[in-house]
Amino acid sequence: MPQSSFLIRDVPLRERPRERLLKEGASALTNQEILAILLRSGTKKESVLQVAQQVLAKFDGLMLLKDAAIEELCTINGIGEAKAIELLAAIELGRRIHCLKPDERYVIRSPEDVSNYVMEDMRFLKQEHFDCLYLDTKNHVILRKTIFIGSLNASIVHPREVYKEAFRRSAASIICLHNHPSGDPTPSREDIEVTKRLTESGKVLGIELLDHIIIGDRKFVSLKEQGHVI
């Protein structure tokens, strides 16, 4: 995109983002064009396409835009608080649509199924979240519940809190999972200790711990596959 100043009316009608979307569909648009549609207008000196390009340049494409603050967006000429709010709302709506589950009675057959179920929810979290999936006899997910938030510690993750919900829901088995904010799912000593403790408790209570999955950034580790859940 040329850096010289121009207005959107200088762009041929057939090449304007809205017209291209109508004719070719949203998937044909560039990130710049999609942002331009959301922003709607530029400034007296810069077109909306140029403002959109500034947004992409500031936030490394779309990579950092998902975590942008309103104050950061407002530092860009042409974006006020109202436009910043609309952009963040659009980003959040997209995230929620992406995370929709077509069937709430999701079936778990493998560690990959667990990863597919939670990856987009958990891989961007800034703190560790310890969640449990409670399953029926056919491995349908009855409930997903966050047990605690914070650094994993064997004294904090008490089997009582994990298995209490299993009894309430008449769950046949459970899968534990937590994220590593670093993006590296390599298990720590604490991860392994917690897993062994929960496995032993499950055997006593008659509710099987099927696995403990650690979620990284598009990566995961199954502690069952590593031999820590028997």
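In the set Ser222, Ser173, which member is touching an Asp or Glu at 6+ places or on another chain (Cβ under 7 Å) and farther than 20 Å from Arg123 by Cα? First the steps, then the outcome.
Values: Ser222 fails: farther than 20 Å from Arg123 by Cα.
Result of the check over Ser222, Ser173: Ser173.
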Go through (1) at negative phi; (2) in contact (Cβ under 8 Å) with a residue 12 or more places away in the chain and name the single condition Asn139 misses.
-> (1)
Across region 134-157, what is the total count of residues that are among the basic types (Lys, Arg) and assigned to a loop (DSSP other than H, G, I, E, B)?
-> 1
Of the residues in region 177-218, those that are within 24 Å of the chain's Cα centre (by Cα) and either hydrophobic (A, V, I, L, M, F, W, C) or not assigned by TED's automatic domain parsing to the domain that holds Glu128 (or both) number 5
Could you check Asp131 against (1) surrounded by 13 or more Cβ atoms within 10 Å (Cβ to Cβ); (2) assigned to a helix (DSSP H, G or I) and say which number it fails?
-> (2)
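One line per residue, one yes/no per condition, for (1) basic (Lys, Arg); (2) under 28 Å from Asp67 (Cβ atoms); (3) touching a strand residue (DSSP E or B) at 6+ places or on another chain (Cβ under 7 Å):
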{"position": "Met119", "(1), (2), (3)": "no, yes, yes"}
{"position": "Leu125", "(1), (2), (3)": "no, yes, yes"}
{"position": "His129", "(1), (2), (3)": "no, yes, yes"}
{"position": "Arg168", "(1), (2), (3)": "yes, no, no"}
{"position": "Ile174", "(1), (2), (3)": "no, no, yes"}
{"position": "His178", "(1), (2), (3)": "no, yes, yes"}
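Among the residues in region 21-30, are any in the same structural domain as Gly94 (by TED's automatic domain parsing) and crowded, with 19+ Cβ neighbours inside 10 Å?
The first filter runs over region 21-30 and keeps only residues in the same structural domain as Gly94 (by TED's automatic domain parsing), leaving 21-30.
After this cut, where a residue has to be crowded, with 19+ Cβ neighbours inside 10 Å as well, the list is none.
Within region 21-30 (the criterion being in the same structural domain as Gly94 (by TED's automatic domain parsing) and crowded, with 19+ Cβ neighbours inside 10 Å), the answer is no, since none of the residues qualifies.
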Mind telling me which of the residues Ala90, Ala52 ends up being part of a helix (DSSP H, G or I), touching a residue at least 24 places away in the same chain (Cβ under 8 Å), touching a helix residue (DSSP H, G or I) at 6+ places or on another chain (Cβ under 7 Å) and not assigned by TED's automatic domain parsing to the domain that holds Glu120?
-> Ala90
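The values are calculated or read from the model by the stated rules, or taken from the named source; none is laboratory data. Quantities reported herein were computed from a predicted structural model and do not represent experimental measurements. Please note: Cβ atoms are built from the backbone with ideal geometry, for glycine as well, and neighbour counts cover all protein chains shown.
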